[in-house]
Amino acid sequence: VVGVNNLVFGEDAPPAVAAKMLGVARAVEARTPDTVSVFLAALTPVDSPKGPVTPAMAQACNDALAREFRDAGRLTRTTILDFEKALARAGTRPPEPLDALSPDRLHLNERGYAALATALVHGIQKAL
């Protein structure tokens, strides 16, 4: 799995994380021609005082993912799920974006995962 942990542990800058995420999608599409839909999850919002990942870093990763996905053009069975928008629809904006769905602003709670599940179902329905 590629994502927030790559940022947390300082393994990669946001553009490199996005490139690795797309690399996973390319590998899955190549190994499963015409049989599998691939869903890439954009990073959930993070703002944990315990960790080094800032909201700007997560947003930079998501922006790079969207940009590189658009430019890739060859990923015909891959969909990016924008969990930031899903969480916003779940009523986390404003005033505190994460408190309702992520008490520590890093790990989602039950309500947060329910919002993500809704985004996943929507993405699957859209891909069909």
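The single condition from (1) modelled with pLDDT under 75; (2) loosely packed, with under 15 Cβ neighbours inside 10 Å that residue 98 fails is (2). For residue 84, indicate whether it is surrounded by 14 or more Cβ atoms within 10 Å (Cβ to Cβ), farther than 16 Å from residue 4 by Cα and among the acidic types (Asp, Glu). Criteria not met by residue 84. Filtering the stretch 43-83 to residues that are under 13 Å from residue 21 (Cα atoms) and of a type in the set (Gly, Ala, Ser) leaves 64, 66, 72.
Total residues in the stretch 34-85 satisfying the condition of being among the hydrophobic types (A, V, I, L, M, F, W, C), assigned to a helix (DSSP H, G or I) and at pLDDT 85 or above: the figure is 9. Checking the structure you have, find out if any residue of the stretch 3-12 is surrounded by 15 or more Cβ atoms within 10 Å (Cβ to Cβ) and assigned to a loop (DSSP other than H, G, I, E, B). Within the stretch 3-12, one or more residues are surrounded by 15 or more Cβ atoms within 10 Å (Cβ to Cβ) and assigned to a loop (DSSP other than H, G, I, E, B).
For the stretch 35-81, the tally of residues that are closer than 19 Å to residue 13 by Cβ and open to solvent by 50 Å² or more (accessible area, probe 1.4 Å) stands at 12.
Going through the stretch 1-51 one residue at a time, which ones are without any contact (Cβ under 8 Å) to a residue 24 or more places away in the chain, under 13 Å from the mean Cα position of the chain (by Cα) and under 20 Å from residue 71 (Cβ atoms)? The answer is 2, 20.
The values are calculated or read from the model by the stated rules, or taken from the named source; none is laboratory data. Here the structure is a predicted model, which means the values were calculated and not measured. So basically every Cβ, Gly included, is an ideal-geometry build from the backbone, and we count neighbours across all protein chains shown. Heavy atoms of the whole protein, side chains included, go into the accessibility calculation; ligands, DNA and RNA do not. Shrake-Rupley method; radii C 1.70, N 1.55, O 1.52, S 1.80 Å.
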